[in-house]
Amino acid sequence: MILSGMHLQNIFNKMELIKDYFPELTERQIDQFQHLGELYKEWNQKINVISRKDIDNVYDNHILHSMAIARFVQFLPEAEILDLGTGGGLPGIPMAILFPETTFTLIDGTRKKITVVQEIIQALDLKNAKAMHMRAEELKGPKFDFVICRAVASLDKLINWSFRLIKNKQQHLVPNGLITLKGGNLKDEINELPKGHYIDMQPLSDFFEEEYFEEKFVVYAQY
């Protein structure tokens with residue numbers, strides 16, 4: 001696929017936004033993020049992994065949104081992270097670019113989306129990420145420091161799926177747990193949780209100025 005001059009200029013402008021918020025990015029990471037936007041535009045013409053109405057906002061509304069998790073916690077080298085219900089690879093792929101020494105496992109129950117994610121991981125040469133066609137309920141064996149996700153399900157379901165997959169051993173300042181990106185009024189979801197769960201909500205408007213991030217949050221549930 002050959003991108004038009006207008007699309008290339010749009011990618012350049014949006015990459016400037018990414019670099020403004022994350023000025024510590026290496027040249028390799030900048031190249032990977034630039035390529036990631038191109039790959040999403042290309043793949044989205046074949047398989048709808050991002051809303052076609054929103055594909056021109058892939059950097060603002062999807063990639064930068066995913067990177068908000070890095071404002072909440074800095075993953076350590078050799079940490080193991082699960083992206084549950086990754087869809088088109090969000091937030092897992094942007095996070096794998098940001099933390100190249102951290103291992104990311106991306107799972108989703110839709111095979112065609114995982115196929116796209118696998119192709120993108122290969123195209124970006126992300127050695128620290130792998131994608132599998134699998135539902136959370138089917139995942140056995142290895143456990144993770146954190147489970148991350150983006151607009152997958154209600155908090156009670158996410159906690160039910162994820163907590164059994166989280167390690168007891170701690171190595172981050174933030175205790176192991178679930179980190180999910182959500183929007184809107186979450187009061188009912190939180191109130192419906194059994195007593196005893198520690199929940200923290202951080203408004204994304206604390207991190208990013210754009211209007212899109214108003215009434216959007218990173219929500220943390222401690223294991």
**Of all residues in the range 36-48 being of a type outside the set (Lys, Arg) and over 17 Å from the mean Cα position of the chain (by Cα), the one that is surrounded by the fewest Cβ atoms within 10 Å (Cβ to Cβ)** = Gln45
**Asked** Assuming Tyr220 fulfils every condition listed in (1) outside any strand (DSSP E or B); (2) closer than 19 Å to Asp83 by Cα; (3) of a type in the set (Ser, Thr, Tyr) apart from one, which condition is it?
**Response** (1)
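Looking only at strands (runs of 3 or more DSSP E) that lie completely in the range 107-210, which have at least 3 residues being touching a helix residue (DSSP H, G or I) at 6+ places or on another chain (Cβ under 7 Å)?
In the range 107-210, the matching strands (runs of 3 or more DSSP E) lie at 129-133, 146-150, 177-183.
How many residues does the range 83-129 hold that are aliphatic (A, V, I, L, M) and either closer than 14 Å to Trp43 by Cβ or in contact with a Pro (Cβ under 9 Å, 6 or more places away or on another chain) (or both)?
Result for the range 83-129: 10.
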**Request:** Any chance you could count how many residues in the range 14-56 are outside any helix (DSSP H, G or I) and basic (Lys, Arg)?
**Result:** 3
**Asked** What do you reckon, is Leu90 assigned to a loop (DSSP other than H, G, I, E, B), in contact with a Lys or Arg (Cβ under 6 Å, 6 or more places away or on another chain) and at pLDDT 95 or above?
**Response** yes
**Request:** Kindly indicate which of Glu138, Glu119, Glu215, Glu210 is on the phi > 0 side of the Ramachandran plot, out of contact with any His (no Cβ under 7 Å at 6 or more places or on another chain) and of a type outside the set (A, V, I, L, M, F, W, C).
**Result:** Glu215
**Request:** Pull up the range 58-79, narrow it to residues that are more than 14 Å from the chain's Cα centre (by Cα) and surrounded by fewer than 18 Cβ atoms within 10 Å (Cβ to Cβ), then point me to the one that is modelled with the lowest pLDDT.
**Result:** Glu78
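The values are calculated or read from the model by the stated rules, or taken from the named source; none is laboratory data. As the structure is a prediction and not an experimental result, all values here were calculated from the model. So basically every Cβ, Gly included, is an ideal-geometry build from the backbone, and we count neighbours across all protein chains shown.
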